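The values are calculated or read from the model by the stated rules, or taken from the named source; none is laboratory data. All of these numbers come straight from a predicted model, not from anything done at the bench. Positions of Cβ are backbone-derived with ideal geometry, glycine not excepted, and every protein chain shown enters the neighbour counts.
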Amino acid sequence: MARHNETGKKGEALAASYLQQQGFTVLHSNWRYERYEIDIIATREEVLHFIEVKTRQSLSFGLPEESVTYQKIRHIVTAGVAFQYQYPSWKRVQYDVLSILLIDEQPPEYLFIEDVYLL
């Protein structure tokens, strides 16, 4: 497995643990609709969260959250709409980004960006 794939898998495991510590219930990891994927689908306080997780091991290519493009958000929204179609009971939803920075032996740094919108 390529290093970036290993980093992504490690980041998603850390993300699930972090979200649970923040009071979320994780419903799905790597939920797929056609060619799109939502990293984590979770709930907290009756809100359904579609969460994109980005993990980096250095700042050589910028902060993890900077790699979430307009197109990536559109793909997550497309998959989120499909999820809502399959599970229509959710009335409140939001799209979030969880950025994780893993540098050397330091503890992970988390940045949770809630309620991301497309303009």
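Of the residues making up the stretch 88-110, those that are free of Cβ contacts under 8 Å to residues at least 24 places away in the same chain and either surrounded by 10 or more Cβ atoms within 10 Å (Cβ to Cβ) or among the hydroxyl-bearing types (Ser, Thr, Tyr) (or both) are Ser89, Glu109.
Evaluate the following for Ala42: is it of a type in the set (A, V, I, L, M) and touching a helix residue (DSSP H, G or I) at 6+ places or on another chain (Cβ under 6 Å)?
Numbers: of a type in the set (A, V, I, L, M): yes; touching a helix residue (DSSP H, G or I) at 6+ places or on another chain (Cβ under 6 Å): yes.
Against the criterion (of a type in the set (A, V, I, L, M) and touching a helix residue (DSSP H, G or I) at 6+ places or on another chain (Cβ under 6 Å)), Ala42 qualifies.
Whenever a residue of the stretch 57-69 is closer than 23 Å to Tyr117 by Cα, its partners that are of a type outside the set (D, E, K, R) and in a loop (DSSP other than H, G, I, E, B), lying with C-beta atoms within less than 8 angstrom and at least six residues away or across chains, give the pairs Ser67/Phe61; Val68/Val116.
Could you check the stretch 96-107 and list, in sequence order, the residues that are touching a Leu at 6+ places or on another chain (Cβ under 9 Å) and at pLDDT 95 or above? Steps first, please.
From the stretch 96-107, those touching a Leu at 6+ places or on another chain (Cβ under 9 Å) are 97-103; that's our starting set.
Selection gives Val97, Leu98, Ser99, Ile100, Leu101.
None of Ile113, Ile76 is over 17 Å from Arg56 (Cα atoms), surrounded by 14 or more Cβ atoms within 10 Å (Cβ to Cβ) and at pLDDT 95 or above except Ile76. From the list Gly80, Gly11, Gly23, the one residue that fits, being small (Gly, Ala, Ser) and within 16 Å of Tyr117 (Cα to Cα), is Gly80. When you look at Ile103, is it more than 17 Å from the chain's Cα centre (by Cα) and closer than 19 Å to Glu12 by Cβ, yes or no? So Ile103 fits the description; yes.
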